[in-house]
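The values are calculated or read from the model by the stated rules, or taken from the named source; none is laboratory data. The structure presented is a predicted model; accordingly, all values stated were derived computationally and were not measured. Ideal geometry is used to build each Cβ from the backbone, glycine not excepted, and the neighbour counts take in all protein chains shown.
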Amino acid sequence: MIKAIKGFLQKFSIIFKSKKQIRLGLYGPPNAGKSSIANKICTDWLGEEMSTISAIPHETREIKIKEKLTIKANGKELSFNLYDTPGIATRIDYEDFLKHKMKRTEAKKRAKEATKGVIDAIKWLDNMDCVLVVLDSTQNPYSQVNITIIGNLAARDIPVLIIANKMDLKKSNIKKVQAAFPQYPVVGVSALKGDNINKMYEEIFKIVK
């Protein structure tokens, strides 16, 4: 009887583990388009948006989670939990928010929340199974922030797909992003116009293990 119970528990444990939801994180610097990518994914497969978008940096200051998302590509299905994280920054100054006509008290509060959000986002890396790093392809990819993000991911040996967003803009340079991080696959997209999003879905399947 005891052996039978142990056998049942082992089988139950295996089944439970196999149904563990994959945790897919969206990381990147502020205003690169993480939330736009999150919204595009959720709109395509759930018919609803996930995050609020703003031209003001650090609109996302807390980790947002959308559970049990299922995407399809090439006849395959992939189910996962999506995590939209605050933009990673090496320095957050409340005075930067004053430029957006924000009151001083509100700016200080936002800076404090954004700083906490960055710390939480880095901590949550330990919980991620794979990560989409969203970069603005019109900006220099060799920034300290980008190198910090990639360094943290490499140290944890987390599968990575780099999303070079804003490919619809004239200053977009996908090849420069690829040259900066040749160790990872890079796919250029436009979250705003939906360009090359299907290719992004195909590449996501390749990094999930």
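Determine whether region 191-205 contains at least one residue that is more than 13 Å from residue 139 (Cβ to Cβ), among the hydroxyl-bearing types (Ser, Thr, Tyr) and modelled with pLDDT of 95 or more. Please lay out each step first, then the result.
Of region 191-205, the ones more than 13 Å from residue 139 (Cβ to Cβ) are 191-205.
Still in the list and also among the hydroxyl-bearing types (Ser, Thr, Tyr): 201.
Applying the additional criterion that residues be modelled with pLDDT of 95 or more yields 201.
Checked against the condition, which is being more than 13 Å from residue 139 (Cβ to Cβ), among the hydroxyl-bearing types (Ser, Thr, Tyr) and modelled with pLDDT of 95 or more, region 191-205 yields at least one hit.
Residues that are in a strand (DSSP E or B) and either among the small types (Gly, Ala, Ser) or under 13 Å from residue 141 (Cα atoms) (or both) within region 153-190 comprise 162, 163, 164, 165, 186, 188, 190, listed in sequence order. When 194, 151 are screened for being over 22 Å from residue 39 (Cα atoms), out of contact with any strand residue (DSSP E or B) (no Cβ under 7 Å at 6 or more places or on another chain) and surrounded by fewer than 18 Cβ atoms within 10 Å (Cβ to Cβ), only 151 passes.
Here are some conditions: (1) free of Cβ contacts under 8 Å to residues at least 40 places away in the same chain; (2) under 14 Å from the mean Cα position of the chain (by Cα). Residue 169 meets all but one. Which one does it not meet? Result: residue 169 passes all but (2).
Out of the strands (runs of 3 or more DSSP E) lying entirely within region 1-106, which hold 3 or more residues that are at pLDDT 80 or above and over 27 Å from residue 142 (Cα atoms)? Give the derivation first.
On the way: elements: 22-27, 64-73, 76-84.
In region 1-106, the matching strands (runs of 3 or more DSSP E) lie at 64-73, 76-84.
Which condition number in (1) surrounded by 14 or more Cβ atoms within 10 Å (Cβ to Cβ); (2) among the charged types (D, E, K, R); (3) more than 20 Å from residue 201 (Cβ to Cβ) is the one that residue 84 fails? Of everything listed in (1) surrounded by 14 or more Cβ atoms within 10 Å (Cβ to Cβ); (2) among the charged types (D, E, K, R); (3) more than 20 Å from residue 201 (Cβ to Cβ), residue 84 misses just condition (3). The residues of region 119-143 that are without any contact (Cβ under 8 Å) to a residue 60 or more places away in the chain, in contact with a Ser or Thr (Cβ under 6 Å, 6 or more places away or on another chain) and not β-branched (Val, Ile, Thr) amount to a single one, 137. Beta carbons closer than 8 Å, at least 6 apart along the sequence or on distinct chains, pair a first residue in region 28-40 that is more than 21 Å from residue 70 (Cβ to Cβ) with a second that is at pLDDT 95 or above and of a type in the set (D, E, K, R) for 29/136; 31/136; 32/136; 33/136; 33/166. Here is the figure for region 108-136: residues that are buried (at least 22 other Cβ atoms within 10 Å of the Cβ) and in a strand (DSSP E or B) total 6.
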